[in-house]
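Undergrad: Right, I'll just put the structure down here and ask away after.
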Amino acid sequence: MEKPIVTYIDPDGTVYSEQEHLKRIREKYIKNPPPGYTAEEIRNMGDEDLLDMDYFLNE
């Protein structure tokens, strides 16, 4: 079974693939880790965990 194509749309209307979105949010949180995290933890975080963290921080 093929993995579904997931896209993300920024408020300015720019469309990103899931991999590009992961790259962008990983870089964002490495530069400015949320409270309780270090840049190293973000760097080593799995994709699903990173997406979950981003979702809950922005919800």
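The values are calculated or read from the model by the stated rules, or taken from the named source; none is laboratory data. Everything quoted here is computed from the prediction, not taken from an experiment. Neighbour counts run over all protein chains shown; Cβ positions are idealised from the backbone, glycine included. Note: accessible area is taken over every heavy atom of the protein model, side chains too, but ligands, DNA and RNA are not part of it. Shrake-Rupley method; radii C 1.70, N 1.55, O 1.52, S 1.80 Å.
Undergrad: Convex hull over the Cα atoms of the chain, averaged projected area in nm²?
TA: 4.8 nm²
Undergrad: Assign unit charges at the C-beta atoms only (+1 for Lys and Arg, -1 for Asp and Glu), then state the dipole size of the chain relative to its Cα centre in Debye, rounded to the nearest 20.
TA: Its charge dipole is roughly 240 debye.
Undergrad: Given a 1.4 Å probe, how much area per residue of the chain is accessible, in Å²?
TA: Value for the chain: 80 Å² per residue.
Undergrad: To the nearest 10 degrees, how steep is helix 18-31 against the longest Cα principal axis of the chain, on a 0 to 90 scale?
TA: Here the helix axis deviates by roughly 20 degrees.
Undergrad: Just the number, please: carbon plus sulfur as a percent of the accessible area of the chain, 1.4 Å probe, no ligands or DNA/RNA counted.
TA: 53 percent
Undergrad: So how do 8-19, 44-55 stack up, highest first, on mean other-Cβ count within 10 Å?
TA: 44-55, 8-19
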